[in-house]
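Below is one structure, written out as structure tokens, with a few remarks after it.
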Amino acid sequence: MGLSSMRSVFADDSRQSKCWEVGPFVFGVSIIIFTALSEMRTLSQVIQYDLNYAIEIFTAICPGVLCAVKGVRLWTHRADLYWLLRRFKYLWDSANSRDLLDDNMKEAARSTQFMRFCYTIVVTVLVTSYAVRPYILLIDHRLRPHPNESFDYSMTVYPSSYSFSTDTPFSYFLCVTYEQIVIVFVALYWISCDTLFAQLTTHICIHYRVCNL
């Protein structure tokens, strides 16, 4: 997310917010929103005569918009998240020093960490498989040339009709590269929010059990 100040959350250092941290956030959310608007424009053009394609576009819009909202929420509540994580760190150290954490509690925390790792791998594989479609088609066209067909540079990552042309190799390369960057930010916000939710709810459960001892 570009929040380098979050690195001190589990250290004794105080949080030092950097002025440049706003840059990655503004850039990431802006390109996701621009792509979603381009998809909405395409949706309005095709919905009357190609329902299947319209459904495909709609299913691409929803995750993108949702991830943009997640990114905005992470950014606007970054200070609250920092102090919440810092508080959980103090509570964990305190409970551990007083031997209030049993093996089941520690195992719950470790299992959540493992599930976060697996979830990250699954999401990474999903977005990668979604992002490589243009490259697969281009490689297939190069390896198995069709004499009567030319590559029209119309297959992009997202089903969007942009306000710029992609009918040349250079513009197509720039467009696909831009979409790869969008995919990275979508995956980043997607994974960050979902794994944070899993870890935080697990620690809330553990500390609630500690309070009931």
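FYI, it's all coordinate maths here, none of it is from the lab. What you see is a predicted model, and the numbers here were worked out from it, not measured in a lab. Cβ: placed from backbone, ideal geometry, glycine included. Neighbour counts: every protein chain shown.
Things to note:
- Karplus-derived 3J(HN,Hα), 6.51/-1.76/1.60, for each residue of the stretch 75-82, Hz, glycine and proline x: 6, 5, 10, 5, 5, 4, 5, 4
- For the stretch 170-198, no residue has its backbone nitrogen under 20 Å from a point 7 Å from the Cα of L143, taken along Cα to Cβ.
- Segment L196-L37, length gained on full extension (0.36 nm per residue, minus Cα span): 54.4 nm
- Residue-averaged 222 nm ellipticity for the chain, from DSSP H runs of 4+ at -39500 (n - 2.57), nearest 500: -25500 deg cm²/dmol
- Helix 22-46 vs. the chain, principal-axis angle (Cα, 0 to 90°, nearest 10): 40
- For the chain, the mean projected area of the C-alpha convex hull, equal to one quarter of the hull surface, is 16.2 nm².
- N104/V69 FRET efficiency (R0 41 Å; Cβ-Cβ; nearest 0.05): 0.70
- Computed over the Cα atoms of the stretch 20-126, pair by distinct pair, the Kirkwood hydrodynamic radius stands at 17.6 angstrom.
- Footprinting exposure proxy ranking of R110, R78, fewest other C-beta atoms within 10 angstrom first, gives R110, R78.
- Neighbourhood charge, 11 Å Cβ-Cβ cut-off, centred on L101 and excluding it, Lys, Arg +1 and Asp, Glu -1: -2
- Angle in degrees between helix 133-143 and the longest Cα principal axis of the chain, rounded to the nearest 10: 50
- Cα centroid separation, the stretch 48-121 to the stretch 183-197 (Å): 8
- Summed side-chain charge close to I136 - residues other than I136 whose Cβ falls under 13 Å, Lys, Arg +1, Asp, Glu -1: +2
- The phi-based Karplus calculation (6.51 cos²θ - 1.76 cosθ + 1.60; θ = phi - 60°) puts the 3J(HN,Hα) values of the stretch 167-178 at 8, 10, x, 5, 5, 5, 4, 5, 5, 5, 4, 4 Hz, whole numbers, x for Gly and Pro.
- Per the Debye formula on identical point scatterers at the alpha carbon atoms of the stretch 87-213, with no solvent, log10 I(q)/I(0) at q = 0.16, 0.18 Å⁻¹ is -0.84, -0.97.
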